[in-house]
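Below you'll find the structure, written out as structure tokens, and then a few comments.
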Amino acid sequence: MQEAILFLADGSMFPGTSFGAPPLELSRLTPGVALEKGAGEVVFNTAMSGYHEVLTDPSYMGQIVTMTYPHVGNYGDDDEWSEVGPEPSSERSGVKVAAIVLRSLYDGPVGHGRTSLPDFLSRHGTPGITDVDTRGLTLHLRDEGSSNGVIVAAPEGFQRRRAEETISQEFRARVLEYLRAFPVMEGRNLVTEVGTTAEEIINPEGSPHVALLDCGVKGNIVRELVSRGARVSVWPSSADPEAILADSPDALVVSNGPGDPAVLGDQIKSVKRLMNEKPTLGVCLGHQLISEAVGAKTYKMKFGHHGVNHPVRDEQTGKVFVTSQNHGFAVEEESLPENVTVWLKNANDGSIEGIKLTDLPVLSAQFHPEASPGPRDARWIFEDFMELVRSK
Amino acid sequence: MPARGDIQSVLIIGSGPIVIGQACEFDYSGNQAVRALREEGYRVILVNPNPATVMTTPGIADAIYMDPLTVPYLDRILEQEKPDAVLPTMGGQTALNLTIELGEAGVLEKHGVEVLGAPIESIQIAEDRGKFKDVIASIGLESPHSAFIHKVSEGHAFVSEVGLPVIIRPSYTLGGKGGSIAETRGEFEELLKWALSESPVHTALVEESLLGWKEFELEVMRDNFDNAVVVCSIENVDAMGIHTGDSITVAPIQTLSDREYQEMRTAAIEILRAVGVDCGGSNVQFAVNPDTGRMVVIEMNPRVSRSSALASKATGFPIARCAARLAVGFTLDEVINDITGQTVSCFEPSLDYAAVKIPRFELEKFPQGYATLGTAMKSVGESLAIGRTYLSALNKAIRAAEIGFEGIEELDMNEEELWSMAARLHPRRIFAVYSLLKRLGGENMDRISRLTGYDRWGLHQLLTLAALEHEIEAAGSSSPPADLLFRAKREGISDRRIATLLGTGAREVEAMRVAENMHACYHFVDTCSGEFAAETPYFYSAYGEIDEGAALGERGVVILGSGPNRIGQGLEFDTCCTLSSISYRELDRATVMINSNPETVSTDFNVSDRLYLEPLTAEDVKEIIRKEGVRDVVVQLGGQTALNMAEELEAAGARIVGTPVKRIHDAEDRGLFYNVMKRIGLDQPQSAMAPSRAEVERLAGEIGYPVLLRPSYVLGGRSMGIAYTPEELREFLQRDIVVSEERPVLVDQFLEDAFEYDLDAVSDGEQVYVGGIMQHIEAAGIHSGDSACVFPAYKVNRTALTKMKEAAAAIARELGVVGFLNIQFAVQNEIVYVLEVNPRASRTVPYLSKSSGVNLVAVAVRIWEGQDLRAQGLVTPDTEVLPGVAEGHCVVGWAVKEAVFSFDRFPEVDPLLGPEMRSTGEAIGIGQSFGESFAKATSSAGSELPTEGRVFVSIHDSDKATLLPVVRELSDLGFSIMATRGTADFLFQHGVFSEVVLKVHEGHPNVVDHLDAGRIDLVINTPLGRYTQRDDDYIRIQALRHRVPYTTTSSAAEAALEGIKYLSRGEVAAEPLPEPVRAY
Ligand SMILES: Nc1ncnc2c1ncn2[C@@H]1O[C@H](COP(=O)(O)OP(=O)(O)O)[C@@H](O)[C@H]1O
Ligand SMILES: Nc1ncnc2c1ncn2[C@@H]1O[C@H](COP(=O)(O)OP(=O)(O)O)[C@@H](O)[C@H]1O
Ligand SMILES: [Mg+2]
Ligand SMILES: [Mg+2]
């Protein structure tokens, strides 16, 4: 077992043991060059199950995910649970996170037909680090905000209990130099890396016909739509809106996806055009794009919402749902124009969790009604949306 | 929705005495509910005849009743208090069943009382296994294949259909009582009959066996706006077939994929909705086939439960507190989570640790009762530990259970024995499994998994531990690399265990650790995995991670709790610890509570300034003291567990509060103590140590029969015994006991027909306040914890009482007692003997505090804080009964305490009482006469004294003279008397007619047949000598099964008569506890 260290941009170190793909060697860190794996924004996720769904969720592109629950890998991995895009597309399959950080990896036997977590990560070229003080790391991220980080192989002679003394100034300086030059999440456009590149049609016989603007859609959004009978046309998020309209869909779904919504000018323009024509549902990034499209602003949250336990209140009925969430940006309430009502709010911090337009059949949710992982309490949103579409 | 304004007062029903399956978790939940409702401005009335509880402490509720939990008394209380509503979901099955009865009897309607929490119809659905199954099917979920059986013949038909084995489960019983697994047809018939008789509605469910399936529990909360959350998920390490209460469990669920888990979560919420639990918490249990993933619903409890207490402690989410708020109209998003202070209660807790629960069994007390575990609960307590990994939590929980293991350890058995133990549902099975894995390695994992139903995930963890232990062993006694020690500590292995593995001493390991500056660090239990900063300091330990929370410093005082419940050390001690924390905080000290028992009030996060859910071992306590920078440690309140640590803690620099450690030692050591007694001129029964069997016989002859024998080492069995004759002595010695130089047998003169008294006092070293002297109803020879007892002493001999007070003062001064002192006396022929002295708070402190109106714990804490008894105004020239001695008085008329047993859990065990304690709980009866309080205590303890019918009498010669007037009076009251031949002859000679009844071996119909037929309403049976009266066993066992009151001593029979005379008058009086004499 190889020792590795997670470094944060502020210089803090979290030693552990490497698994999955090998950790980065110091020599591979060239300032200004973003690596696909091993480096990224460090966030924590508080879900106690569902690591496989997290690993394969395109919204986590470019992020190093710390699981706060210590035991991970317990029931293995199964491609069937993957969240990477609509079913048949194999070229997009795999692990989306840049790396995973754990307290206690399970690497024992798993059920028939499943793969162990270390094997699964190796297969997809993703490094992991375990035996880490994930509690300390989480409190750090909570108090200081999320930060960039990189997992590097520990140098010769490193001892975790004497980390400060056994790491050289030079080693640390080079890692920090790399991290300082690493692009921050604000202003990063990652959707083109994870969304589909060509139109795909799922369930061609189905109805109604839903056009899905794919910014890195989770598989379960497609499954939720298809299970309600829909034919789903998956479009690259950069597709020409006129081409989409020419395909005469009955409705539009704007998917989730990674990164900062504010920089997705093309997508915002498309959404603006399309939602004027078709009933529209936005999920997560999709919700943020719709908000931008109506002129509202988004902002980067201190450490975001990443978990499956967030209470969301329906402001009209007062009912509360436990939801699955994964977002680092949110919509500013003050910036919402007149024709928007706040539909859903977070019952803990009051942040906006969903909006409706008063003049158009457009609604959106900041969280993940498709769950996966997480509670299925909000699946009725798909139900309601399909009803809305059918009624038009 | 805001709190309901249309109700002003709420009645909360408690769960009554502690029995297996219903323990102090209901004191915890009831207490939370009372506090929550009072905070919302409601007037709260409480009924609970359990004197050991915190909730019945004056001041906790607005009105506290300690009357029997029966319809007539509740009717009376409702009449007097006129509450607007009743909350039945806090008092376990007892409160639910009583509420159903109240509803059926029309009492609720009569008083216009609304039921909060779960409506009666929902309770009925959830509790009736048949109706419940229908509901499950109606929402598209699966239940085990089953049939609802009323008659044995129906049962046979069902078995012909599904085959054996089958599970038999009676409707409406506690903790699976009466439940069983039948393997053969013969067994089936017998077990089914038993189940039908156990069920109050005489129905049972017979169902397909799911032995070996994975078992899970979810704790769900739902509000009346249909919002729902799952507070905690629990996985049973022991698969289906072992009751969840007897299983090792881990929270959260470890081995379900997210898809499987979410399916279960959704199902659980739908079940609450379908059953109609509108506001409150419920526990839903599932089984999952490990091969196919098929999910089946086992049951739901529409109330707070043992599991919800566990879940509250495992997550930090106060389920009962929240449930009480929901019951009065709040919704989940309106109830702020007290731990974070900034999230709402519909934020599902997320854990960043594992919480492991270990059951504690009474293998020594009931060896025959534990051959195998099953679907009926048998454990008496549990310990919970939290760790960053499953192994660390498991190791900590095991050492916290105080069952003689330091953590997971291998057993000293051969391979064959290990396999056979692993194949059985044995309480020690996990140790056998570990032994196999450690010895044989991982190749056997699949085989073990199939054999035991243990998931491979958990077995793999054990395998990791085995590898680590092998590494440590290989390091030998030469100091192991610090890195290895570090890894061991991170997995929760104790210094002592490491020492054993290294072949060195715990002190040496501790020294190595300290040299490396390797100390425990502490994390918050924060309900949110660190996402929000916690406000409530509730901690658990880890190694090598961030250390959270600042030290309290010398302002703090550590209170050592009493650990898992066990026979002899239970709720009473927890109440003392909790009350002391309250008192200390009133005096501006900051308290640090350490305890591992998840059922308790003391482990509620708002009882103390700091809460540590940690094992009560010297190592763990020392680390906490170090972290908090606290010096003062209270050891007098946590029973023997706390007291036993005193020396080691003092050696480590702690200041033991109150009585000096050396003097505690003097009182604990029987030999030393004997000398102290001699010096101050008090009588003790003659006694001697016998180092061999021959010596036992010789010394017994010398001391004179009968003798009381206390071996210091027993193989898996009962230890104490009384021998009346040399033959009985020999029979006793033939049992599995060791007698040697190192393990001598203590031979005591047995004080026959002596009255026993219990005295609790508080002393400041000079002055002594005697809280009260209680008299036992059973004669000496029946353990003080098992005997009914009455305050004030009812057969009073003033000189004897004075002598006891003098003795208390002399002992307190001689030992330098600062704080608590408990003495047991026996009085025979006017001579007062000291049987035992305990330099700590005893079991009777809460009972005595309530009935004397003086909170003795508050008095002791004030002494420890420097206010002596004079300064407190308790010992003053006006109150002194002896120089420097004052005494408390009963302020409630009469208070009888009756012991409560859980023998029905152990059908194989003879329920005869002796010098070893076997009761699990106690009930109180308060009244204006001895008879009234005795009758109430009996009723609260679970059986009703009859006012008419038949009394069966079978008495030993030596009791005949004493009992004759009792029997005669019963006969005069209109009872018909049935007696065995000898007794009948004796009665006839003295002019009392009786029907002669055959003994068991004399043919049919015999006494047992009559009991079975319900023809006997009271049993008076006084056997003599413990090992000769096998014949009587059946009578007692049968009486117990049919809940017929039975007395085994003449004094108990006399007391029963008093009670019967009271009941015959037909009064139903209920009074709330009066204001305490002294307010603190
Ligand atoms: N069909 C079954 N097959 C095997 N074990 C069972 C079955 N049903 C219940 N059990 C076991 O019996 C225990 C008690 O059953 P349960 O229905 O939960 O009753 P209780 O009300 O006593 O908790 C369960 O925890 C489970 O281990
Ligand atoms: N010499 C004796 N004569 C009669 N009964 C005795 C004698 N010694 C003890 N007992 C009985 O045995 C019980 C238990 O003995 P005790 O010394 O109090 O042990 P424990 O530590 O279990 O409380 C007492 O409550 C009393 O009823
Ligand atoms: Mg159960
Ligand atoms: Mg005693």
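The values are calculated or read from the model by the stated rules, or taken from the named source; none is laboratory data. From a predicted model like this one, the values you see are computed outputs, not experimental measurements. Please note: Cβ atoms are built from the backbone with ideal geometry, for glycine as well, and neighbour counts cover all protein chains shown. Only protein heavy atoms, including side chains, enter the accessible area calculation; ligands, DNA and RNA are left aside. Shrake-Rupley method; radii C 1.70, N 1.55, O 1.52, S 1.80 Å.
How high is the relative contact order of chain B, given as a whole-number percent (alpha carbon pairs under 8 Å, six or more residues apart)? It comes to 10 percent, rounded to a whole number. In segment B:174-282, Cα pairs under 8 Å separated by at least six residues give a relative contact order of 23 percent. Over the residues of the protein assembly as shown, the helix contribution to mean residue ellipticity at 222 nm works out to -9500 deg cm²/dmol, using -39500 (n - 2.57) for each DSSP H run of at least 4. In order along segment B:862-877, the phi-based Karplus estimate (6.51 cos²θ - 1.76 cosθ + 1.60, θ = phi - 60°) of 3J(HN,Hα) comes to 5, 4, 5, 8, x, 9, 6, 5, 5, 4, 6, x, 8, 10, 9, x Hz; Gly and Pro are listed as x. Per-residue packing, averaged as other Cβ atoms within 10 Å, sorts the ranges B:908-914, A:321-327 into the order A:321-327, B:908-914, beginning with the highest.
Counting only protein heavy atoms and a 1.4 Å probe, the protein assembly as shown has 32 square angstrom of accessible area per residue. Dipole magnitude for the protein assembly as shown: computed about the Cα centre from +1 point charges on Lys and Arg Cβ and -1 point charges on Asp and Glu Cβ, it is near 1020 debye. Distance between the pseudo-spin-label points of B:Ala651 and B:Arg1065 (7 Å out from Cα toward the beta carbon): 6.0 nm. Basic side chains Lys and Arg get +1 at the Cβ, acidic Asp and Glu get -1 at the Cβ, and with that the dipole of segment A:284-373 about its Cα centre reaches some 260 debye. Shape analysis of the protein assembly as shown based on the Cα gyration tensor places the equivalent ellipsoid semi-axes at 60, 36, 30 Å, largest first. At what distance in angstrom do the alpha carbon centres of segment B:9-73 and segment A:322-371 lie from each other? For segment B:9-73 versus segment A:322-371, the Cα centre distance is 45 Å.
Peptide B:455-466 has a mean shielding of 3, counted as Cβ atoms of other protein chains within 10 Å of each residue's Cβ. Rounded to the nearest 20 debye, the dipole magnitude of chain B is 720 debye, with +1 charges on Lys and Arg beta carbons, -1 on Asp and Glu beta carbons, and the Cα centre as origin. The ellipsoid equivalent to the alpha-carbon distribution of segment B:637-702 has semi-axes of 32, 15, 9 angstrom, derived from the gyration tensor eigenvalues as √(5λ) and listed largest first. Binning the alpha carbon pair distances of segment B:768-914 at 5 angstrom intervals from zero yields the distribution 2, 9, 17, 22, 21, 13, 8, 4, 3, 1, 0, 0, expressed in whole percent. Centre-to-centre separation between the Cα atoms of segment B:97-165 and those of segment B:723-739: 50 Å. Normalised by the number of residues in segment B:147-190, the mean separation of alpha-carbon contacts (under 8 Å, six or more apart) gives a relative contact order of 32 percent. Note on B:Glu114 and A:Asp314: with the Förster distance fixed at 30 Å, the Cβ-Cβ geometry gives a FRET efficiency of about 0.55. If the chain linking B:Val152 and B:Glu410 were pulled fully straight, counting 0.36 nm for each residue of separation and taking away their Cα-Cα distance, it would gain 88.4 nm. Need the C-alpha centroid separation for segment B:943-999 versus segment A:164-207, integer Å. Rounded to whole Å, the Cα centres lie 90 Å apart. Take each residue of peptide B:249-262, count the partner chain Cβ atoms within 10 Å of its Cβ, and average: the result is 6.
Compactness of segment B:609-748, taken as the C-alpha radius of gyration over 2.2 N^0.38 Å, stands at 1.38.
Taking a threshold of 19 Å on the Cα-Cα distance, which of the pairs A:Lys96/A:Lys345; A:Lys297/A:Lys356; B:Lys365/B:Lys438; B:Lys936/B:Lys1061 fall above it? Beyond 19 Å between Cα atoms: A:Lys96/A:Lys345; B:Lys365/B:Lys438. Spin-label model, A:Met1 to B:Glu516: label points 7 Å out along the Cα-to-beta-carbon direction sit 1.5 nm apart. Beta bridges per DSSP, both residues in segment B:493-606: antiparallel share near 55 percent. Here the accessible area of the protein assembly as shown is 48 percent carbon and sulfur, with a 1.4 angstrom probe and all protein chains present.
Annotation: the antiparallel percentage among DSSP beta bridges lying fully within the protein assembly as shown is about 65. For chain A, what is the percent of antiparallel DSSP beta bridges, rounded to the nearest 5? Antiparallel bridges: around 60 percent, rounded to the nearest 5. Peptide B:541-548 has a mean of 4 when you count, residue by residue, the C-beta atoms of other protein chains within 10 Å of its C-beta.
Checking the Cα-Cα distances for B:Lys313/B:Lys627; B:Lys960/B:Lys999; B:Lys151/B:Lys999 against a 26 Å cut-off, the pairs over it are B:Lys151/B:Lys999.
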